[in-house]
Every structure is written in structure tokens, then in C-alpha cells.
1. Nearest 10 degrees is fine. How inclined is helix 23-36 to the longest principal axis of the chain, computing both from alpha carbons?
2. Check which residues have an amide H placed less than 5 Å from Leu886's amide H, if you skip close sequence neighbours.
3. Which whole-number percentage describes the relative contact order of the chain, with Cα contacts under 8 Å and a sequence gap of 6 or more?
4. Quick one: Debye curve from the C-alpha atoms of region 617-744, no solvent, what's log10 I(q)/I(0) at q = 0.21 Å⁻¹?
5. Given the C-alpha centroids of region 310-363 and region 760-809, what is the distance between them in whole angstrom?
6. Stokes-Einstein D for region 401-514 at 25 °C, 0.890 mPa s, Kirkwood Rh over Cα pairs, in µm²/s?
7. Which of Asn297, Thr340, Thr374 sits closest to the plus end of the dipole of region 272-398, meaning its Cα is farthest towards the positive end, when Lys and Arg get +1 and Asp and Glu get -1 on the C-beta?
8. What full-extension length gain, to one decimal in nm, is calculated for Thr429 and Thr740 as 0.36 nm per residue of separation minus the Cα-Cα distance?
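Nothing in this text is a laboratory measurement; each read-out follows from the coordinates by a stated rule. Since the structure is predicted, the reported quantities are computational estimates derived from the model, not experimental observations. So basically every Cβ, Gly included, is an ideal-geometry build from the backbone, and we count neighbours across all protein chains shown.
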Amino acid sequence: MYKAKKPLSIMNPFSFGKYQSQILSLIGFMILSLVSVSSHALVLNDGAAATCPSGSTKGILTNNSYSSLVTSFNSGNYQTVSSQSSTGSSVAIPLKIKMSISDFNFVNKSSVATLTSGNYTAIRFTGSAANSSVRNEILLDFQNSLNNEPLFLNKVALSTFDIDKLSSTNAYWDDNVKFVGTTQNNGTVNGVFQSITGSSVINTNGEGLRLNTDFNCGNTLESTCQGSVVFSEPVKSVKIIYSNTDNDTSTSISSRIIDFRLDSYCYQPSSYEITKDDGVTSIGTTSTTNYIIKVINNGNTPLTNIILKDPIVTGLTKETDITCDTTDNTNTCITAPTKTQLESSSGFNIPSLAVGKTYSIKVPTKVTASQGSTITNTATIKVSNLDLKSASDSNTVTGIFSGGSPVAPASCPSGHKMYYVGSNPPGYTPKETLPIAWTTGSFSKEYVFGNTKFNLSFTERLNLRTGYPTGTNFTDATENAINMYHDSFRTTIDHRLTATINKPVSKYGFVVQDLDSNQNGKYIESITLATSGGFFSKTESKPFQLSNANQTISGTAWDNCNTASPCNFNIDWGYKSALTPFAITHGNPYSEGATTTSAGGYVTGYSDFYFCLAPPKLVVKKVLGGNRVNDSVDSADQFEIKVTGDSLAANSFTTTGNAAIIDNGTSDLLSLTESKTYTISERVINGSVSNYSATYICNNATTGSTFTTTNATATLNEETIPTRSFTLSNLNYGDEITCTITNTPSVYTFTGFVYNDNGGIARSTNPDTKSDTSTTFTGNSKYFNGIFDSGETGIGNTTGLTISLTNCNGVNIGGTTSQTTSDNPLGQYKLVVSASTIAALSPQKVCIVQAEPDPWIFSVDTTPNIRNIDLQAGKLDYKTEGSLNLDFGEVEGDYAALVLRKAQYVNDCRSTLNYTATNINTAGNTDPRAGFSESGISGSDLTPGQCIAYRITATNRANLTINNFVMRDVLQKKGDNKALVTSVLAGVSNASDYANDNVPIGKNGTVKTTEFVLNPKTSRSFYFNTKYGTTMDTQ
């Protein structure tokens, strides 16, 4: 309801001074409104949506408690409120409520008071209305009065009144009310609109509740202007957002009024449960099962500090990869506990759990218990103010290839193949059938299905009549069966029937006919299961007695069976390994049975034999024959094994452990398809498969055959993380294959040679080997090329010559020592180091260092003495190949690459001397006065004041480039080395060939060129002129 502003002395509450000219129309509206207003009391908001869940208590806020809400608003504190049932009786709900209001876009503070209308009390909110953007948010916060924790109430129902609208006068308004709750995860949820009889309030697509027609509501709680909601999930607070729509606006409204009630709510005390289940009742030893542990908060208050424990159980070993259960849609698990936390005495603390939420984890667990045992796994939870709760799961432990307990009688597990002997095969597929075709009087028979053999035999026979056993029907007793007909004597065993199958079976069974009794014949037949694990079935409503812990079945005195009223039943077993005998014994243990003279005879028939073979089964195991190559705490090598092929579901397992220990080293039992091919692959996480040699051995327990391969014959797949794989094929039903992958850590090898890089050139005196620049050298592509070529020889064991493997910082890598070269093969070195040692290097590089004796005849290196090797992932064998050269080349001094030849020319010191003129550069010239000559200068050839020009020719006769070549020549100085005169530099042929610190013109010192590069098999000549005597400054 809205109130207009009151200008001047006009007292009518619906008059507006600003619009006096329209008073008549406003009065007309008032009359219309008064006529249209009818008194309709509120309607209880208690529809089906407000029904409380099982185990919770419904509360209705008492009328007196609304005064407490006003007190809360005025004080800003929580106030304890009272609850009652629908009949008015007191309800114990520990509820405190704090009411607060936030005002937006106006100055005046809102106020609240109680309003009583009929038998109901509500809160009346009053606020100003300056413009259409005014918004008020009334917040009700719920708290548990017992512990002052937030209290989540379910099915909270609220109603507002006085939602009205006016658009036909100058004072416009259009109320809009929205209800928003805060959920367990601090999200928000809107109240669900409830239809109220007689109400004109509508829901505007979740944007809020409003009136669908002009109407000014009165001062009472009336259904016409009632809008109600129910929250569909637990909330700890609700907010009533009171605003105006954008449809109508006015500034001529003095106040805005709305009334509301907290109709009802549901309260459930703190409660929780725990479940634990792995979804199976039996499991093979060494297999892994996943236990799902789920903690549920099924109370109505959040829980804190829940202690979850899952103690150690003998026969079970938790894996370390415990995770949050992703299949649980209500799961709040973000961080799963560790194995240590679950098994510790203090347990794992679940900090908080909201109402209706769960904390679910998946605990992979390896079964280590032996076949035939039963394992029970129990987890517990405890909160300080609640009782301890526990949950257990039990499993029977079977063999590794066992399928567990048998399914329905005379049927095979899904996907298994049936082999049937008899005349009435079931419709099951796939199957193979054979007739009984028993030879009369024979005590055994073998049925052959390809390479599958099924044998039946009768032993321990007593009182058997001639002509039995037989496959002929026994009139009125058996049909299509193998019949055994005995004289009636009292005996515990008169025959034993044994079946063997040469393959492991998932099930075996048959039908027994005409096991009955006869008083005159003095017999009550019985059958006892001699092989454990069997059971009798289809005995309901038939004349049988079970005894001996259900291992013996007997006829009932004195019921007799016949083909018109047969009493056939089944005997079935579950999984048994190949050639396990399935045996039963038959007898007449009737205490009054004949002992000396037969009282007659009785017949028993056996028919409808069947057994089931599972699809080929595979288990993969991992073995490590030495310490891991990478064995750091955070990144130890782990092995991931997977099997792929046909339509096999994704599967893999990854080992854990360190050093040579393999944990989690066995796959789940995998079911394959007959005649298909499968690939078993392995990869090394954190390392490479190339770091390990491998042997793969697959044993088929069914056939006794063994398949073996090694990494040499397996396939290496160069992927992002390389894998190695091999294949399995020619698989058959009943195959039980165990493949063991054994890895042995590999070693790194670094191999090379120290050799004489002389190209095989023999020593010569003419021309002299040291200065020979003929094609003997320049035409030999193997000479001084840094490559160990054919025709060159290695340099064998030499004192002082060593090769070392270092970390490139001068430290030998652990496990290696410096070694000398070998004499067989000549000059070879080979450094071997474990892969684990290499794996520890950071960065992944090594250096091979050659140390030479001093002095040594091989004084010139053709290759560097240090080789840097950047190690490649997966590469173990390093030797000279491609761009990698691990050989060390040497030559004797006379085989050095550089040859220097010096010629001299006596001249008259002309500054215009053309050093390169052909007339003074004649090959073979022996006269130094005529031109450059390598011949010596006699005393008569030189007069004081003359000059001697020099031509120094540098020849690179090798196949490698000479870098940083600098030619130096020291001019003679009187007194040095017995020199009689001093020579000074008189000139150079090309100044740019000489260094900045070259001796200056006119000075004595060292002639020095700049740095040059001498390419293979090239020469370069340098010219300079010197003057002897005293005509120039010699200082």
C-alpha cells in the first residue's frame, strides 16, 4: 500500500495538492477502489512444496515471535524465536533470527512493526518512495541457538501482502517483490512461486512478484494481494527485495508499505552417514578394486571437523592415488586424503560438510589376501557431538583369473562361451554342442571340442548292474541321460562321477534325474559334492532334503519320481582351473537299507552337461632388474603399461616405488576376444624406454605355452614419449595369459679412437716431409682432416695418454676413471657409465677430455682435446657418427698443416720496389741479387747500406682451415745471437697486411701481420724490406 503526500489542508489520504484539478477523478478512483476491495483473509502457504522431508520437523513461527523480529531489527542482534506445529502445539527447533534492512536510493530510514490481522501476525515494513529506483532488502538470517552456527532450514515458506499497483491517477506505483535465499555453498536460489487461491499476484519470469491489475490493497492480511514462495533447497538466510517496477513511477507517494510472514520451515537435527562399497562381492587375488567411501550430511546443519578413518586391513594394500569421486554429483571433495592420513590414528579431518552434500573418495586397493579368504574393509566417521558411524564391505578372494561366484544355474556369464553335451541345448550363444552318445558299459568318455577336451568317468562303483552306465532311457525314470542302475544296498558311495576339462572353466554343471526314495526298495538316494564350491539348484517345491552344510542332497521318504512328475535338479560350480576334477559321489545311506540281499534297484540319470570358457584373459606384470635410471624423489622413472586392440576398453597401470622396488606392478584382469590381436606397450614416465633393456615373457597357463621376445624384436615407437610394444595373437576361449615385462637398466657408452691423422703418407727426405707442399699432401683428402679414415692407424696404449669422461667442469663422472687407449682395436677407448649416473647430471651434458704426454712425438692436434656432448633423451650409445666426432686426431710435428718458406732478395732500397714483380719472383732462382731466392746470401752479395727484401710464404697443406694465423719475423739486432749488424724495416708490400703494432719503418723489432684465415690447401705470401748497415737510425 502506498500513501500520498499531504499538501495544504486537504485531508483525504488520496488527494494531491499538486494535482488539485484532478481531485474529482481521484475521488472517482477511490470510490471504485473501495467498491472493488473485498475482505479476503490470507490463505495458508502450506501446499505440497512445503512438505518436510522424512526425519525432519516442521515449524511455524509463533505470532509472539514477530515482536522478536522487530527487536532484532532495532538492536541489530539475533533473537531467539519460538516455533509451533500446525495445530498450535510447541515445537522444539533451536532457531534464532536476525532481521536487517538495507535501503537504496533514498535517505529516510525504513521502519518495521508488527501487524495483527485475524489470528495471524506479520511484519509491516514502511519506507519512503522518492522515485522508481528505491529498493529495500529485508534480510532474515537463521542461526542455531545451541551453537550459534548458521542453521539451514529446508522448505522455507514466506508470504508477502499488500503487493499493489495504481496506474490510473497522478500517483503511480507498481510493487515488485523478489525472494532470494543463500544455500549451503553460499550460492543463491530464488523462491518458487506458489499459487494462492483468490490472489491477483503473478510471477514475472523469476524477476519478482507483482500485481497483474490496478488495485490498492488494504491494511489487513488479504489473499488478493498475497504473494507466496517456497524454497526448494535448504537456506541459511532469505532476502525479500522490495522495489518498484519500471512500468509506473511517481514522486507523489509519501510512503511504501509491505507486510510479510515466515509461514513455515523444516528442521532436521545434525545427522550423517557413511557408506563403503567396491561394487563386487568377490575379487581375484593380486587384483585392484576401487572402494568408494561416501560421507553424507543428511541433517539440517553444516557439519565441521568430521574425522574419517580407514584403517589398515590385512590382505589389502591401499594404493597412493586416492582421488575425489567424480561420479558423485553432490561431492564437495576438493582435496583427497593421503593413504597415511586415512590409516593414521588421528584420521583425516573433513573441515566442513554442508547440508545435503557428500564427501566422496575413491580408494584404489590391491588385494594381497590369498585365494579362498574373506576380506572385510571398514571405515568410520566421528563428529564431536554425534555418535561414531561405520561402514564395511566384504569380498571373497578368488584366484587371479577367477570370475567369482557363479551366475544363474545352467547359464554362462555374459560373453563366455558355452560347451554343451546333451539333447536339449539352451538358446545361449556362443556355444558348441555334442550329443551324449554314451557307449553302454563304458565307464568313461572324452568329448572333444577342437582343442578343448571334456572327460567324464565313473569310479568307485558298487552294486552296479550289468549293462551300465548307458545312454538308453530308463522307462518312467530318465530321459536323454547317462543312467547308473544299482542294486539296492545300504552304502555311502556306490559310484563317483568325475569331470575334467583341460581348460579353466568359469562354470560347470549338469542335471540329475530321478534322485528319489522307495520304502519297499529300502533306499533313499543321496549325492554329495566331493569338489568344493558347488551348489544345488532348482530344488524348490521338490522332494529333497539338504544336509552337511548344503553339500549333500537326499530324496525325501517316501517320495518317488517319474518322468510324468520329474524331480530333476541342477548341480553347478563356479570357476576352477584347468583339469580340476569336478566330482560327486552317489549312494544309499538309508539306515534300514539292505546289507546282504538286494531289496530291488534304483536308477539315477545325469544329463545336460555344460561348461563355460571365459574369453581370453590377460594379466600384465612388471619386474625391474635393477635400480631405476632416474630415481629422484619427485621424478623417479615409473612404467606405464597399457593393452590396446579390437574394442578393448581403455586401460593402463603406472608403477610406483623407487630404486628397484615396483609397487602397483600388476594390471587388472583384462578380458580379450578370441582370434584378435592385441598390443602391449610400455613407456617410461620421467625417462625413456631406451634407458632399459626389456624381456617380455607371456605364459599361457591353459596351454602351458610360453611366448618370449626382447626389446631387440619389439617395436620402438618414436612418439612424444617413446614406447616399446609387442603383440599377442592366436587367442582362444579359456586362455589365461600372464605377461611379465622385465626391464633392466641400460648403460651409456662413449666410444672413440685416438689416431694418426697423417692420411697414410709415409715419411720422406726428398722433398722433406716437413716442408712438402706437393700433391703428396695437398692431393690427399684424408690428410689432416680431423676424421679417422681408412688407411690411417690408431695410436695405442701410450704412457701419459688418457681419455676421461667429465661433467664439463673438470670432474670425472661417478663410476668412471680416466683410461688409456687400447691396442686391440688399436687406439680405441670406451667409457661405460650407468644410466642412473647420467640421469643425475644437470644439465644433461658430458665432456670427453684427452690428456697428452709431454713431450710427445704426436705434438700436433688435428681435433680439439675436449668434446662437449649434449645428451639426447633415449640415446645411450655415443660414437663418431653424423655430426658427432668422438675421435682424437694427432700428427707428428713434421706433418703439421702449416708450411712456411722464406726467400730473400738483395736490393738497393728503392721505395718503389715492386715486391710481386714476376721478374724477381722466379721459381727455382738461386741468385738472391737477381730476385727472391731461398738460397743463402754470402758476404760478397751484400754491401753496407743495401737492403734485403723477404718473401715469407705460408701454405696450409691440410684439409682443415687454419684460423687466426699471424706471421711474425724478428729483425736481427747487433749483439743478439752473434749478429754483427742491426737491420731495420725499410718498407712493406701491403700495409694493410700488417698489424698496428708492427715494427715502424726505420725501426728494429718484430714484423707482425694481422690475423688471417688460411683455407685448406691455399697459400699466402707476405713481403717486407729491411736495411742493413748505419745509413738509417738503428735505435
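1. Relative to the chain, helix 23-36 is tipped by roughly 60 degrees.
2. Thr880, Glu881
3. Reported as a whole number, the value is 6 percent.
4. Log10 I(q)/I(0), no solvent term: -1.25.
5. 71
6. 155
7. My answer, from the dipole projection, is Thr340.
8. Between Thr429 and Thr740, full extension yields an extra 108.6 nm.
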